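First comes the structure, then the notes that go with it.
Values in this text are rule-based calculations from the coordinates and carry no lab data. Fair warning: this is a prediction, and the values are worked out from it, not measured in the lab. Note that we place each Cβ from the backbone using ideal geometry, even for glycine, and neighbour counts take in every protein chain shown.
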Amino acid sequence: MEYKHILPSLEEVVNARKPVHNTRVEHKESLTGAEKFALFMTRKIGSLGFFLFLIFWTLAWLGWNMFGPSEYRFDPGPAFVIWLFISNILQLILLPLILVGQNVEAKAADRRAQLDYEINKKAEHEVSVIIGHLENQNELLLETIRKIERS
């Protein structure tokens with residue numbers, strides 16, 4: 001039994017492979033200016049540092065206007081209601097911006113998942129080719145052993 005070249009050779013498998021590319025870099029390069037801004041704001045506003053800054057700012061604002069010298073209070077009386085209103089407006093603006101940033105990040109995650117799938121498909125194909133080559137080698141070895149036993 002002769003070795004039949006049914007399966008692709010190792011050289012053919014290597015030549016058929018596409019070079020590996022970094023989808024994260026490609027994704028970053030494909031972003032628009034608005035998407036980059038949304039991601040920047042999402043990363044900065046969604047950080048613990050920004051959260052702590054807002055807490056500190058609010059406590060300082062309230063503390064000064066409640067307990068500071070009355071002639072130096074810059075926001076006396078019902079002004080806290082205005083601060084709450086401004087805070088709510090700020091939240092209403094930032095929430096959609098953060099969601100846009102999360103959607104952009106989700107697109108990148110989808111691309112990574114697709115790349116993982118493609119790599120898994122390639123690996124599965126290459127493993128099946130290797131197994132096929134091993135099976136052919138096994139058949140050749142068995143045939144060689146049979147020929148040696150006959151002689």
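Projecting label points 7 angstrom from Cα along Cα→Cβ for TYR72 and PHE51 puts them 3.2 nm apart.
Within the straight-line cut-off of under 28 Å between alpha carbons, the lysines reachable from LYS107 are LYS18, LYS28, LYS36, LYS44, LYS121, LYS122, sequence neighbours fewer than 8 places apart in one chain being disregarded. For the pair SER128 and LEU92, the difference between a 0.36 nm per residue extended length and the Cα-Cα distance amounts to 7.5 nm.
Each residue, GLN102 and GLU135, gets one label point 7 Å from its Cα in the Cβ direction; the gap between the two is 4.9 nm. Overall size of the chain from C-alpha positions, given as principal axis extents largest first: 114, 30, 17 Å.
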